[in-house]
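For reference, the structure discussed in these notes is given below.
Every number in this text was worked out from the coordinates using simple rules, so none of it is lab data. Keep in mind it's a predicted model, so treat the numbers as computed, not measured. So basically every Cβ, Gly included, is an ideal-geometry build from the backbone, and we count neighbours across all protein chains shown.
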Amino acid sequence: MNAQPDAGNSVQHVDVLIIGAGLSGIGAASQLTRELPGKSYLVLESRPRMGGTWDLFRYPGVRSDSDMFTLGYRFKPWRGDKALADGAAILDYVRETAVEYGVDSHIRYDRRVAAADWDSEAARWTVTVETEREDVGAGR
């Protein structure tokens, strides 16, 4: 897969491209790291931080409506006190998992997929990525 980060940046080849650094994206990247450690990957996140829903919604009382023993990762069971956890606890769980499995270094923030084109002859996707902000620094 070719990921083209921006018009001015070079093409980067990865085996797997994960869209979104929320609960599911971090889970997929962590599982990929565990099960297929030789595969290269990136996680693209349109926002400036990981966490998805649990970072976006911070209003008082936000919590999961599904028990975290079911919603949590099979490879990293939920250890929290409450089955219906609050948003802050879930966000901590997502962030902790990303750091534990080294996923945090594979996330590119403020990136949005603009196009994805399949080339049947090459059997490869080319993904065009746009930055969300003008001031996105190197290494993000």
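For the chain, find the longest principal axis of its Cα atoms and tell me its angle to the long axis of helix 87-100, 0 to 90°, nearest 10.
Its long axis makes an angle of about 50 degrees.
Counting DSSP beta bridges with both partners in the chain, what percentage is antiparallel, nearest 5?
Values: 12 of 21 bridges.
Percentage antiparallel, nearest 5: 55.
Let me make sure I get this right: for the range 5-70, a, b and c are the square roots of the gyration tensor eigenvalues over alpha carbons, sorted descending. Under 1.5 in a/c it's rounded, otherwise prolate if a/b > b/c, else oblate. Which is it?
It comes out oblate by the Cα gyration axes.
As an exercise, take the mean of 1/r over every pair of distinct alpha carbons in the chain, invert it, and state the Kirkwood radius in angstroms.
Evaluated over the chain, this radius sits at 16.1 Å.
First select every other residue whose beta carbon is under 14 angstrom from the beta carbon of residue 82; then total the charges, Lys and Arg +1, Asp and Glu -1.
Every neighbour counted, the sum reads -3.
Relative contact order of the range 15-90: what whole-number percent is it, with Cα pairs under 8 angstrom and at least 6 residues apart?
29
Can you tell me the orientation of helix 23-35 relative to the chain, as the angle in degrees between its alpha-carbon axis and the longest Cα principal axis, to the nearest 10?
Tilt relative to the chain: about 70 degrees.
With springs only between Cα atoms under 10 Å, which of 18, 107, 26 fluctuates most in a Gaussian network model of the chain?
Per the Cα network of the chain with a 10 Å cutoff, 18 tops the list.
Give me the net charge for the shell around residue 14: Cβ to Cβ below 14 angstrom, other residues only, Lys and Arg +1, Asp and Glu -1.
After counting each charged neighbour, the total is +3.
Mean separation of Cα pairs under 8 Å and 6+ residues apart, divided by the residue count of the chain: what relative contact order is that in percent? Display every interim value, and only then the final one.
Working: 226 pairs, mean separation 42.3, N = 140.
Once normalised by length, the contact order is 30 percent.
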